[in-house]
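Note sheet for the following structure.
The values are calculated or read from the model by the stated rules, or taken from the named source; none is laboratory data. In this text the structure is predicted, and so the values were computed from the model without any measurement. Cβ coordinates were reconstructed from backbone atoms using ideal geometry, including for glycine residues, and neighbour counts include every protein chain displayed. What goes into the accessible areas is simple: the full protein's heavy atoms, side chains included, and nothing from ligands, DNA or RNA. Shrake-Rupley method; radii C 1.70, N 1.55, O 1.52, S 1.80 Å.
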Amino acid sequence: MTMFERILTIILPVFCIIAVGYAYTRLRGSAVKADMASVNRLCTDVLSPLLVFTAMAAKDFDLAQNGMLIAAGVLISLGSCLLAWPLARALGYDVRTFLPPMIFNNCGNMGLPLAALAFGQAGLSAAVALFMACNLVYFSLGIKILASGKPQAQNATWRLLLNPMMLAMMAGLAVSLVRIDLPAPLFQGLKMLGEASIPVMLFALGVRMRDMTLKSWQIGLVGAAVCPLAGLAVAWGLDLVLPLPAAQRAQMYLFAALPPAVFCFMMAERYQQEPDKVASIVLLGNLAALLFVPFGLWLGLRH
């Protein structure tokens with residue numbers, strides 16, 4: 001199998017499911033949004049946290065082995081913010097609007113399914129480590145930037161750190177560190193539920209993209225390019241200095257090439273921080289992923 005065929009095999013199922021979600025929403029109209037509300041809550045509160053928990057609690061997850069990869073994820077998120085900040089200032093963008101989507105890429109809805117398809121269970125464990133790194137930066141620095149000057153800023157980080165995903169991450173980390181062996185039937189059942197979140201997350205991403213607009217397409221185009229390009233620039237620099245194994249190196253480049261997360265749009269709505277502009281960044285960023293994700297996979301797999 002050629003490199004091109006391998007990349008197509010990885011990304012086409014992901015974008016096919018997203019396209020089905022989008023097409024279904026176009027066909028059914030606004031009723032789908034109400035239908036998906038319960039599904040999204042189930043995925044956010046139960047299925048996705050179980051995916052993260054079982055990936056971290058699995059016997060093949062080694063925190064020490066993934067330590068350097070976690071550090072790389074933190075540095076990519078921080079570095080992307082640092083590179084995007086002077087550009088936002090130069091173009092007159094509000095940093096509270098532009099920087100959080102540069103910090104928090106779509107390592108959940110898109111990154112976890114891509115890693116599972118590209119690298120299997122071992123790849124999913126590494127992707128969860130990167131997901132943890134990105135969440136740590138976003139729920140500290142990202143929320144601080146977004147909530148700056150807002151009345152909701154007080155205790156915003158602590159409230160979000162106690163959401164089901166972060167609690168599942170902390171529980172999985174504890175199980176991994178203490179080396180607790182869960183009963184096999186229990187673990188398998190939780191794992192099956194968690195894996196169900198992968199197609200559900202992608203379908204929901206397609207549904208959510210139907211609601212986004214291109215009213216602020218200029219900032220959307222800039223954000224769609226800056227997020228993956230800044231991430232890949234930092235990843236390239238880290239590749240020169242970090243002795244990552246080949247599999248983790250590939251994961252790092254895939255992570256760096258991901259578009260802004262849909263969650264950034266939801267948070268912009270919550271804080272009333274120019275949600276239309278953030279929606280354009282997210283929508284165009286996820287469309288641009290058709291170019292940047294294959295490029296990131298090529299960079300990671302070329303050796």
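What net charge do the residues around R96 carry, taking every other residue with its C-beta under 15 Å from that of R96, with Lys and Arg at +1 and Asp and Glu at -1? Once positives and negatives cancel, what remains is +1.
With 10 Å bins beginning at zero, the pair-distance distribution over Cα atoms of the stretch 175-269 amounts to 12, 26, 30, 25, 7, 0 %.
Note on the chain: GNM, Cα springs under 10 Å; of P100, P86, P49, the largest mean-square fluctuation is that of P86.
In this structure, L82 and Y24 have a Cβ-Cβ separation that, at R0 = 51 Å, corresponds to a calculated FRET efficiency of about 0.85.
Remark: the chain carries 44 Å² of accessible area per residue (probe radius 1.4 Å; ligands, DNA and RNA excluded).
Whenever you get a sec, compute what percent of the accessible area on the stretch 173-303 sits on carbon and sulfur atoms (1.4 Å probe). Please list the in-between numbers first.
Working: 4010 of 5750 Å².
Result for the stretch 173-303: 70 percent of the exposed heavy-atom area is carbon or sulfur.
Is the shape of the stretch 20-138 rounded, prolate or oblate, going by the alpha carbon gyration tensor and its root eigenvalues a ≥ b ≥ c, with a/c under 1.5 for rounded and a/b larger than b/c for prolate? Note, shape of the stretch 20-138 comes out oblate. From the Cα gyration tensor of the stretch 42-91, with a ≥ b ≥ c the square roots of its eigenvalues, which class applies: rounded if a/c is under 1.5, or else prolate if a/b is larger than b/c, or else oblate? Taking the square roots of the gyration eigenvalues as a ≥ b ≥ c, the stretch 42-91 is oblate. Set Lys and Arg Cβ to +1 and Asp and Glu Cβ to -1, take the dipole of the chain about its Cα centre, and tell me which of M56, L202, I281 lies farthest positive. The residue sitting farthest along the positive end of the dipole is I281. Heavy-atom accessible surface of L78, to the nearest 10 Å², is about 70 Å², with a 1.4 Å probe and all protein chains retained. Helical runs (DSSP H, four residues minimum) scored at -39500 (n - 2.57) apiece and divided by the length of the chain put the mean residue ellipticity at 222 nm at -25500 deg cm²/dmol.
Just the protein heavy atoms count here, and of the accessible area of the stretch 1-157 at 1.4 Å, carbon and sulfur take up 65 percent. Sequence-ordered 3J(HN,Hα) estimates for the stretch 112-128 from the Karplus curve with 6.51, -1.76 and 1.60 and θ = phi - 60° stand at 5, x, 4, 5, 5, 6, 7, 10, x, 4, 4, x, 5, 4, 5, 5, 5 Hz, glycine and proline given as x. Candidates L27, V14, C43 compared by Cα position along the dipole of the stretch 1-81: farthest toward the positive end lies L27, with charges placed on Cβ. Karplus-derived 3J(HN,Hα) values for the stretch 79-95, using 6.51 cos²θ - 1.76 cosθ + 1.60 with θ = phi - 60°, are x, 4, 5, 5, 6, 7, 4, x, 5, 4, 5, 5, 8, x, 7, 5, 4 Hz; glycine and proline are entered as x.
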